[in-house]
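The values are calculated or read from the model by the stated rules, or taken from the named source; none is laboratory data. Keep in mind that what you see is a predicted model, and the values were worked out from it rather than measured. Note that we place each Cβ from the backbone using ideal geometry, even for glycine, and neighbour counts take in every protein chain shown.
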Amino acid sequence: MQAILLEKPGQFSPITVSEPDRPGPGQALVRPHVMGICGTDVGGYLGKMPFFGYPRIIGHELGVEVLEIGEGVQHVRSGDRCSIEPYLNCGRCYACRRGATNTCQFNQTFGVMCDGGLQERFLIRADKLHVGNGLEFEQLALVETLAIGCHACDRGGPVAGDRVLIIGAGPIGLAALEFVKLTGAEVTVMDLVPSRLEFCRQNYQIAHTIAYRDDDSALEETSRITDGDRFAVVIDATGNHRSMSAALGHVAQTGTLVYVGISDQTLQFPHVAMHKPELTIKASRNALPRDFARIIELIAGGQIRTQPWITHRTNFADLINDFPTYTQADSGVVKAVVELC
């Protein structure tokens with residue numbers, strides 16, 4: 001059976017792996033049809049993702065077909081189309097006992113900490129399958145990205161009338177944008193890449209965008225757009241430690257800053273920048289099961305459109321050659337997907 005292995009940063013190799021066993025109790029055998037390429041995958045390829053282990057078969061944003069189910073599995077059946085919730089939590093630790101399965105102490109994210117979906121067939125815990133039979137496989141492959149944005153929005157807690165700044169208009173930033181807009185908050189987007197800001201203006205009718213700069217010009221734009229108040233909620237989806245350190249400057253007094261991007265660098269800011277305005281700083285990791293079910297319903301109901309996101313496509317045979325181009329800032333990639341079958 002064919003698979004693609006990320007042996008080390010910058011090096012993919014085609015490999016042959018054994019056929020999976022028949023599914024045991026609580027398991028399902030699935031065939032991946034579409035895989036989304038995530039910032040985590042890019043970070044793993046570049047050697048900049050702190051949670052990544054090598055060698056690794058990547059792939060955690062997946063639209064799959066159920067081939068066979070094991071004993072005791074009732075909520076899915078053969079032939080179902082599903083999205084995968086890739087956070088393989090233990091169910092026993094402090095976080096899991098509190099329902100925070102996204103932050104499980106012993107979490108193994110599929111395709112990051114254990115081998116993932118860039119192969120012809122694989123076994124998965126059936127409780128991590130979310131049925132979406134009315135959706136296309138590529139829509140199901142984008143559910144996990146949307147779920148991360150959904151959870152980040154929930155962590156920030158914006159409400160109608162709030163001014164919200166999203167820093168970073170990649171897939172995770174766009175996912176957060178989808179859910180912030182559903183709250184009725186007013187959204188501003190900041191990014192380094194002009195084409196991404198134009199994408200937001202054209203596809204999401206975002207009135208205010210800010211070009212990211214290391215000088216004070218971005219702070220001046222924040223002040224102008226908000227009449228000096230700054231933003232009630234700021235969501236930083238960049239994974240860039242300089243952006244993440246500077247993000248406090250855009251937060252209003254008593255506001256909330258959410259870090260959803262991940263960096264392996266140290267963040268630095270003076271304590272007074274957080275203390276004086278009494279800011280709340282939160283991390284946002286992964287997503288919750290309820291987010292997946294909600295998103296499948298929103299896509300099915302037409303409230304979220306995934307089609308504008310997909311700017312690049314490749315297939316199993318061409319992935320190794322195409323992947324390096326997706327890491328380049330001038331590539332124009334918003335979202336790339338791999339058609340596996």
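Here segment 112-141 is the region considered, the condition is being in a strand (DSSP E or B) and surrounded by fewer than 19 Cβ atoms within 10 Å (Cβ to Cβ), and the residue that is nearest to the chain's Cα centre (by Cα) is Cys114.
Based on what the data block shows, is Thr311 in a strand (DSSP E or B), at pLDDT below 95 and closer than 20 Å to Ile172 by Cα? So Thr311 fits the description; yes. All of Arg201, Arg196, Arg163 fail the test of being in the same structural domain as Leu257 (by TED's automatic domain parsing) and either touching a Leu at 6+ places or on another chain (Cβ under 9 Å) or closer than 18 Å to Thr238 by Cα (or both), apart from Arg196. Can you pull out the residues in segment 142-164 that are crowded, with 19+ Cβ neighbours inside 10 Å and more than 18 Å from the chain's Cα centre (by Cα)? Passing the criteria: Pro158, Asp162, Arg163, Val164. Out of curiosity, is Leu67 crowded, with 19+ Cβ neighbours inside 10 Å and either assigned to a strand (DSSP E or B) or without any contact (Cβ under 8 Å) to a residue 60 or more places away in the chain (or both)? When the stated conditions are applied, Leu67 does not pass them. In segment 25-46, the residues that are hydroxyl-bearing (Ser, Thr, Tyr) reach residues that are outside any strand (DSSP E or B) with C-beta atoms within less than 7 angstrom, at least six apart or across chains, in these pairs: Thr40/Met49; Thr40/Val112; Tyr45/Pro9; Tyr45/Gly10; Tyr45/Phe323; Tyr45/Thr327. For segment 286-293, the criterion of being in contact with a Cys (Cβ under 8 Å, 6 or more places away or on another chain) and outside any strand (DSSP E or B) is satisfied by at least one residue. State all residues of segment 192-247 that are aromatic (Phe, Trp, Tyr), within 21 Å of Ser331 (Cα to Cα) and not in a helix (DSSP H, G or I); if no residue qualifies, say none. The one that is aromatic (Phe, Trp, Tyr), within 21 Å of Ser331 (Cα to Cα) and not in a helix (DSSP H, G or I): Tyr212.
Total residues in segment 165-187 satisfying the condition of being in contact with a Ser or Thr (Cβ under 7 Å, 6 or more places away or on another chain) and of a type in the set (Val, Ile, Thr): the figure is 2.
Selection of segment 46-64 for residues being at pLDDT below 95 and not in a loop (DSSP other than H, G, I, E, B) yields only Leu46. When segment 5-44 is filtered for residues that are surrounded by fewer than 19 Cβ atoms within 10 Å (Cβ to Cβ) and closer than 13 Å to Asp115 by Cβ, the ones remaining, listed by number, are Glu7, Ile15, Val17, Ser18, Pro20.
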